[in-house]
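Encoded as structure tokens, the structure appears first; notes follow it.
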Amino acid sequence: MNITVCIKQVPDTSEVRINPETNTLIRDGVPSIINPYDLHALEAALSIKDATGANVSVLTMGPPQADSALKEAVAMGADDAYLLTDRAFAGSDTWATANTLATAIRKIGFDLILCGKQAIDGDTAQVGPGIAEFLSIPHIAYVSKIDTITEECVRVHRLMDDGYDVVESSTPLLMTIVKELNSPRLPSLKGKIRAKKAEIKKISNSDIEIKENDTGLPGSPTQVKNIFAPESKKDRKTIEGPPPDQVSQLVDILRSLKCI
Amino acid sequence: MDYFLDEEQQMIVDLAQQIAVEKILPVRAELDEKEEFPTEVIKAMAQADMFGLFVPEEYGGLGKGSFELCLAIEELSKKCLGISTSYAANALGTFPILLFGTKEQKETYLPDIAAGKRLVAFGLTEANAGSDAAGVQTTAVKDGDGYILNGTKQWITNGGEAEIYTIIAMTDRSRGPRGASAFIVEKGADGFTFGKKEKKMGIRASTTCELVFNDCRVTKESLISKEGMGFIVAMKTLDQARVGVGAQGVGVAQGAFEEALEFSRNRVQFGKSIINFQAIQHMLSDMAIQIEAARSLVYSVARFVDSGAKDITRPSAIAKTFATDIGMKVTTDAVQIMGGSGYMREYPVEKMMRDAKILQIYEGTNQIQRNVIGQSLIRPSVKGK
Amino acid sequence: MNIRVDKDVCTGCETCVTSCPYDSIIMEDGFAFINEYCQLCRACLSICPEGAIKEEGSGAGTSSESVDLDRYRGVLIFAEQRKGTLSHVSMELLGAGRRLANKLNTTLHAALLGADNNEAEELVRWGADKVFLCNDSLVRDFNDEPYTDLLSRIIDSNKPEIVLAGATAIGRSFLPRVAVRLRAGLTADCTSLEIEEGTRNLMQVRPAFGGNIMATIVCPDRRPQMATVRPRVMKKGEYDKNRKGEIVDIPLQAKTFKTSVIENIGDVSECGPGLQEAEIIVAGGRGMGGPKGYAMLKELSEAINGTVGASRAAVDEGWIPYSQQVGQTGKTVCPKIYIACGISGAVQHLVGMQSSDMIIAINKNPDAPIFNISNYGIVGDIHEIVPLLIRRIEEERSRK
């Protein structure tokens, strides 16, 4: 089985801070990491590989320095790594990104495509299902458990807002993975040594020939108009005084909210 | 300080650190509290190839040496000495096979050991044979095509969890130390059971238990090296492993130092962080000096061991003694700097201090190490270097 | 398009260098320079104090097959149901949709799949002018394939200018397929929707970078403009039991699918009432200090009929089960009252609870970020405040 895992290199948003004076993002020293959900997708692929001997490819679209994310994936056990990078892809929204990735995946070949449920920088969760639509294959989003998986079909649990569904599907198939599915492995020493020498296969637009208007900024229906800092609560009040007084005021508030 | 690690050595440090931070840190307090063996952490370490570090490449390992093993042990020890003890004891149990095993024995055991599929323990100590290794009372009596083992080993790290045991037993008691032999015994062998599990002051994530041999039959292929070589096997094994105990001392000291440093930067008394008081600064400075000295010594000795030097007894005793005494001192001082907080289980330094004590005791007490060093100084041919 | 630094204006202050998520702005000869790593994310545009960073060339909309925007009119919402019952978010979408439709002076339609006429009529009472209903039992369970087909067909034949769905497991799963199929722009997880003056463009506001920044997204050149909307953010529509509307039956065409739902299994989390339905949440963080802190919070939440929540720190420590985690890697909640006890307020936590109606924070550290989003802040030790509070509430109770 050929499994393609789509990963994204993202800034570690837990370390991104906002400069309160300028309302700008402070990214000084913020490390780039593999999107945490993608690690669960990679782990799922590697577990299948451990069990049945699949070939696991990792694919990322991004700037040239994203190859470090691919090397990390190789250190964890991925067999092949592809970096989809071209100025023509820059500025892609989820539609254009899904189109670009889908075009590349069609070229690489696949039986199963795995993605993290969403990326922590954009949080859209749109690229995975979008790729499936471009490839005209089914997808299952938010997979939290894999019951069975064979060359022909899968049976999985899909997380819903009110519990979960047990879903069956034929392959080829795309699944997006939630963290409940597994616990990602660490890289191994042999993997790290292998990754150091591993060849990252670069794919540019001359390899996949997407029309100018179907990728990058021109291919993106949506645009970012502006960004701004989230508002803080304007009516913020501080309850002062020694603890018994603070509690008295708090009780008054809770009473006015009718929860006492 | 930069110790000029090469790229692969740096990878080992990074990976061991990742294991320590992601896998060990979240569970260490609970494992200590419940005196529970770190099965999940061991699994993660196995998957990361940590157990193959010092196993030759032909047997599925990475073929690294004592120095790389020390780097890994140091990183693990920063977060939990109990877990690093399980890891180091696995190496200790493997050395007899690695140093003296036949090709067949190596082919049988080393690939599984390198993959972390089977954990190893070393069985020398008994009730009446600790520092005095010649007092071993477990016997191995030749019987047809094999040997029959009888006796009880005590305080065996990884006992019960390990699948493979390297055991020192007397094949000819009349010859004293020259009558000892080393054997490989597998868990599950008839007549091989586990006695009581010890309750310890520290390193409580590691298991320590009795091994009981009651007419336990092993094949002649289980004999490591030759009959009568047991004492040599044991001493060479301990020589090889000792510097790793030193690395544990460096690691636990560094871990405690970092906690104390962080605490003294944040703890405010008399209107300022306590790190601004010279009394605290001097304590921290002493810790930093001692740790760096111990680390330099341990690294030098480990590299000396890897150079293939013949007699490593004295340098390894020196490294073990100094670095573990520093481990005890620095962890004690870390508790002192953190005061009441340091004494509470809410902070990790009290555990580090409890854990550190074993380093001065196991694999030869620091008094015995000084004896060894002392003995080596008596002979006039030795120039004291 | 290109983003470029105007050297004549750049003062070399380096403000922009750290603003780039891709490290593509470097200093060269004392001026900022944007290298080939630029992903055109535009994060730097508003940052330069001198206005030296500029966009060049045209952006989107150079698309050869340009769309006649005026052929698209009306607002369509996707009304979600589970087991035949309308989800909460459906009524919220009708509320938001009605507001937008009124501004655009147009109609509000709803698409409802897998429910029956009663539910369709209910949607009318909540404000829909027309409901497209597919009552085939094959689409009662959520299935991406027929849902994508049906909604795409409804959109294609009715050409609404705006399509809204809930940012729920369902909406976020199949809307991306619909958007791809129709080549429409889709914006995820919006928290605010407005109409741009003069253009009929939908301005969609959503959090990015884990809620650290908000972004306004527009889709100027394509229709429909599609968005998923975060549940419990928009106000429900107005219910009028006499309202009349049209119900249009939409037949299911294909009857076999590559995927099928075998069974639904309800939430089996151990902590009783779901966190996301709770009206009052008492949440604890690292400041709780241990499992005892959890017991204390439980007592408080029981005293005020709430549910216990937690920050990731408290869950990682093992004090509170994962099912109760609020935040980026846990659940998004929007209760009437959220009491944060000993939670410092990492952005990952804030994004999961900041739309709560009323936030009360208790924390030792007066500079804790949680206070920035709180309605009421108490600087104090929760181990002192909370037991006192529990006692006072009990006294209050017994007085009655």
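Computed from the coordinates by the stated procedures, all read-outs in this text should not be read as laboratory data. Computed from a predicted structure; not experimentally measured. Don't worry about glycine lacking a Cβ; one is built from the backbone with ideal geometry, like all the others, and counts go over all protein chains shown.
A few remarks follow.
- The packing ranking, built from the mean of other Cβ atoms within 10 Å per residue, places the peptides C:338-351, A:174-187 in the order C:338-351, A:174-187, highest first.
- If you take all other residues with their beta carbon under 12 Å from the beta carbon of residue A:171, and give Lys and Arg +1 and Asp and Glu -1, the sum is -2.
- Counted by Cβ distance under 12 Å from residue C:194, the other residues give a net charge of +2, where Lys and Arg count +1 and Asp and Glu count -1.
- Look at the stretch A:190-200: the mean tally of other chain Cβ atoms within 10 Å of its residues' Cβ atoms is 3.
- For B:124, C:193, order by how many other beta-carbon atoms lie within 10 Å, fewest first: C:193, B:124
- Whichever aspartates and glutamates have a C-alpha closer than 17 Å to that of residue C:255, once near sequence neighbours (fewer than 8 apart) are set aside: A:168, C:136, C:141, C:144, C:145, C:149
- Across peptide A:89-99, the average count of Cβ atoms from other chains found within 10 Å of a residue's Cβ is 5.
- Overall form of the stretch C:69-249 per C-alpha gyration tensor (a/c, 1.5; a/b vs b/c): rounded
- Per residue Cα convex hull volume in Å³ - calculated over chain C: 192
- Placing +1 on each Lys and Arg Cβ and -1 on each Asp and Glu Cβ, with no other charges, gives the protein assembly as shown a dipole about its Cα centre of roughly 1720 debye.
- Separation of the alpha carbons by more than 28 angstrom is noted, of A:258/C:298; C:54/C:159; B:103/B:197; B:103/B:187; A:145/B:34; B:34/C:298, for C:54/C:159; B:103/B:197; A:145/B:34.
- Only helices enter the 222 nm calculation for chain B: every DSSP H run of n ≥ 4 contributes -39,500 (n - 2.57), and dividing by all residues gives -17000 deg cm²/dmol, rounded to 500.
- Compactness relative to 2.2 N^0.38 Å, alpha carbon Rg of the protein assembly as shown: 1.07
- Where the Cα pairs of the stretch B:7-119 fall when distances are cut into 5 Å bins, in %: 2, 12, 24, 25, 18, 11, 6, 2, 0
- Residues of the stretch C:174-203 with amide N under 20 Å of a point placed 7 Å along Cα→Cβ from residue C:264: C:174-175
- Toward the positive end of the charge dipole of the protein assembly as shown, with +1 on the Cβ of Lys and Arg and -1 on the Cβ of Asp and Glu, the farthest Cα among A:33, B:193, B:20 is that of B:193.
- GNM remark for chain A: springs join alpha carbons under 10 Å apart, and the peak mean-square fluctuation among A:152, A:240, A:212 falls on A:240.
- Ranked by how many other beta carbons lie within 10 Å on average, peptides A:1-9, C:230-238, B:319-327 from highest: B:319-327, A:1-9, C:230-238
- Overall, the stretch A:2-214 carries a charge dipole of about 800 debye about its Cα centre when +1 sits on the Cβ of Lys and Arg and -1 on the Cβ of Asp and Glu, all other atoms neutral.
- Three semi-axes describe the equivalent ellipsoid of the stretch B:232-308; taken as square roots of 5 times the Cα gyration tensor eigenvalues and ordered largest first, they are 37, 11, 8 Å.
- DSSP beta bridges in the protein assembly as shown [antiparallel fraction, %, rounded to 5]: 50
- Pairwise Cα inverse-distance average, inverted: Kirkwood Rh of the stretch C:309-394 (Å): 13.0
- Averaged over C:254-261, number of beta-carbon atoms from partner chains that fall within 10 Å: 5
- Note on the stretch C:1-59: with charges restricted to the Cβ of Lys and Arg (+1) and Asp and Glu (-1), its dipole about the Cα centre is near 180 debye.
- Dimensionless Rg over Rh [the stretch A:122-174; C-alpha; Kirkwood]: 0.98
- Peptides C:315-327, B:19-31 ranked from most to least packed by the mean count of surrounding Cβ atoms within 10 Å: C:315-327, B:19-31.
- Cβ-defined net charge surrounding residue C:121, 14 Å radius [Lys, Arg +1; Asp, Glu -1]: -2
- Top positive-direction residue, dipole computed over the stretch C:1-59 with Cβ charges, set C:12, C:40, C:30: C:40
- Of the residues A:259, A:129, A:73, the one whose Cα sits farthest towards the positive end of the charge dipole of chain A is A:73 (charges of +1 on Lys and Arg Cβ, -1 on Asp and Glu Cβ, taken about the Cα centre).
- Debye log10 I(q)/I(0) for chain A, one point scatterer per Cα, at q = 0.08, 0.13, 0.14 Å⁻¹: -0.40, -0.86, -0.96
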